[in-house]
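The values are calculated or read from the model by the stated rules, or taken from the named source; none is laboratory data. The structure presented is a predicted model; accordingly, all values stated were derived computationally and were not measured. Here the Cβ positions follow ideal geometry from the backbone for every residue, glycine too, while neighbour counts run over all protein chains shown.
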Amino acid sequence: MKKVLSVLLSLIMAVGVFGGLSSTAYAKDTINVKYEQTEARKMLNRINQFRTAGSWCWDESNTKKVKYPAVKALVYDYDLERSAMIRAAEISRLYEHTRPNGTGCETSLTGYGTCGENIAYTEGYDMSEEFVFELWEEEDQDYSGQGHRRNMLNGDFGAIGIACCYVDGRYYWVQEFRDYVVDSNPSPANNSNSSVVVDGTAKPSLAGVKINAPKPPTIKVTSPKKKAVKISWNSQPNIKSYQLQYSYNKKFKNKKSHNVAERYGSFTINGLKSKKKVYVRVRAKNKSTGKFTKWSKVKTVKIK
């Protein structure tokens, strides 16, 4: 059984946006990393299939799926890859789009007009590009959680570099995007153990942070019609399915259960007893571990 924890961050920027950032002086720090560039480069085909097929993202109100037309495939830029490799080491020390020396992440690039960055880390057995791509794909997220998805579908970008490195039990992943290509000449994939000098000694921001393991769902229960109850819940990443339980008893004696696929955000139970009060709770199954979250808070409603 796979056990994987993950955290994601995304950023898109245009030249000049970060002109006001100040730089902080730090001593130099050497980080021992194991690069996995053969695996990282495999993701390019998956991203380009995603872009050229056309897709969708939620609008800001989370009520409408905005169609994204097919856009051009990204060119793999080995200059961007070198920047991504530096950033992969850096985010093991400071998990942000700000670099350990206090400057913006765009300063790692040779040049930039419109550019963007996606970062992630996984902890566990699954460091595959397929798994991380699915995290960045964010089909089960609302607008606020689809920044990585929008970056990968952005038609303004023409180039990408991808990196993965292993540091202290975690795999760190970076995608760097830019609107033009600097170096498209292929070079051998770096899968070596390397010592990377980072200009900064900021402590890792991961310490003490709860990673994106799914939380108990937040639910809403209504009775939209006679003898029926509708249960709705918030979507989360890395969910395999949901389990619903309901009972006419607040201690859930003689309870009944339903399992619902993760792609659904609501479920309606029909054939209930009119004028009775029903108690409902929901829990989510973690796609990576196969374990359930704790139950949601119990909600109750009087059936029509």
Q) Tally time: how many residues in region 29-71 are under 30 Å from Ser194 (Cβ atoms) and among the polar types (S, T, N, Q)? A) 6
(Q) Any residue at all in region 188-207 that's acidic (Asp, Glu), buried (at least 16 other Cβ atoms within 10 Å of the Cβ) and modelled with pLDDT under 85? (A) yes
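Output the strands (runs of 3 or more DSSP E) that fall wholly within region 231-304 and possess 2 or more residues being in contact with a Pro (Cβ under 9 Å, 6 or more places away or on another chain) and under 21 Å from Asn62 (Cβ atoms), or say none. Reasoning before the result, please.
Values: elements: 239-247, 256-261, 266-270, 277-286, 299-302.
Filter on region 231-304 gives 239-247, 277-286.
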Q | Selection count, region 35-58, where residues are in contact with a Phe, Trp or Tyr (Cβ under 6 Å, 6 or more places away or on another chain) and within 20 Å of Tyr166 (Cα to Cα) | A | 2
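Sort out for me the strands (runs of 3 or more DSSP E) sitting completely within region 29-127 that have 1 or more residues that are touching a residue at least 24 places away in the same chain (Cβ under 8 Å) and under 19 Å from Gly147 (Cβ atoms).
Details: elements: 29-35, 55-58, 65-68, 114-124.
Correct list: 55-58, 65-68, 114-124.
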Q. Assuming Ile160 fulfils every condition listed in (1) out of contact with any Asp or Glu (no Cβ under 6 Å at 6 or more places or on another chain); (2) part of a helix (DSSP H, G or I) apart from one, which condition is it?
A. (2)
Q) Which residue pairs have Cβ atoms under 7 Å apart, sit 6 or more places apart or on different chains, and have a first residue in region 228-257 that is in contact (Cβ under 8 Å) with a residue 40 or more places away in the chain and over 19 Å from Asn270 (Cα atoms) and a second that is outside any loop (DSSP other than H, G, I, E, B) and among the charged types (D, E, K, R)? A) Ile239/Lys285; Lys240/Lys285; Ser241/Lys285
Q: Would you confirm whether any residue within region 141-156 is in a strand (DSSP E or B), surrounded by 20 or more Cβ atoms within 10 Å (Cβ to Cβ) and not β-branched (Val, Ile, Thr)?
A: no
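Do you know which residues across region 283-304 are within 23 Å of the chain's Cα centre (by Cα) and at pLDDT 90 or above? Even if it seems obvious, please write down each step before you answer.
Within region 283-304, the subset within 23 Å of the chain's Cα centre (by Cα) is 283-294, 296.
The answer is Arg283, Ser296.
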